[in-house]
Amino acid sequence: MKSKNILSAFIFCFLFSIAIDSCSKSGATGGTYGTGGTGGTVGVGGTTVNISGMSFSPFSITVKVGITVKWTNNDNTTHTVTSDDGTTFNSGNVATGGSFSFTPTVAGNFPYHCNIHTGMTGTLVVTN
C-alpha cells in the first residue's frame, strides 16, 4: 500500500511538472501587453524576464526599440544574461535576487544565453 502511494505521488508530481512546463512555454512568444506587462509584445513601459528553474521565462520576448527589458534572477544560483554576439549586452554575474536591465536602440533578433549555464538560452526580439 505504501509503495502504491509513493508511486501515485511520483506520477502526480511528474504530470504536474509537465503541465507547469507546458504553461510557461505556451505564452513565451504570444500575447500583446500594455505598460509594464510581462512576456509577449510590449508597446510602452518595460518588461521583465524571470530567471528561475535554470531557464529564462519567457524564452522569447518581443519589445519595441527603446523599451527596457529587465531580467530578474529568482534562481538559487548566479547567472549571466549575455547576447550570443557577446557585445550587444552582457550582464556580468547576476546573483540571486539581482537583476540586469537593457534598453535596445536598434531593431533585430538578439539570441542570448547564460555564460555559466550554456544550456540556458533565450531570444530578445526588438521591433521599430
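The values are calculated or read from the model by the stated rules, or taken from the named source; none is laboratory data. These numbers were taken from a predicted model, which means no experiment stands behind them. Heads up, the Cβs are rebuilt from the backbone with ideal geometry, glycines too, and the neighbour counts pull from every protein chain shown.
If you scan the stretch 84-96, which residues turn out to be under 18 Å from VAL65 (Cβ atoms) and surrounded by 12 or more Cβ atoms within 10 Å (Cβ to Cβ)? Once the filter is applied, which keeps residues that are under 18 Å from VAL65 (Cβ atoms) and surrounded by 12 or more Cβ atoms within 10 Å (Cβ to Cβ), the stretch 84-96 yields THR88, PHE89. Look through the stretch 97-128, keep the residues that are surrounded by 12 or more Cβ atoms within 10 Å (Cβ to Cβ), of a type in the set (Val, Ile, Thr) and without any contact (Cβ under 8 Å) to a residue 60 or more places away in the chain, and return whichever of them is farthest from THR82 (Cα to Cα). Ranking the candidates gives THR103 first. Restricting to the stretch 62-114, what's the tally of residues that are touching a Lys or Arg at 6+ places or on another chain (Cβ under 9 Å) and acidic (Asp, Glu)? Looking only at that region, the number is 0.
Among the residues of the stretch 12-29, is any assigned to a loop (DSSP other than H, G, I, E, B), surrounded by fewer than 16 Cβ atoms within 10 Å (Cβ to Cβ) and modelled with pLDDT under 95? Scanning the stretch 12-29 turns up at least one residue that is assigned to a loop (DSSP other than H, G, I, E, B), surrounded by fewer than 16 Cβ atoms within 10 Å (Cβ to Cβ) and modelled with pLDDT under 95.
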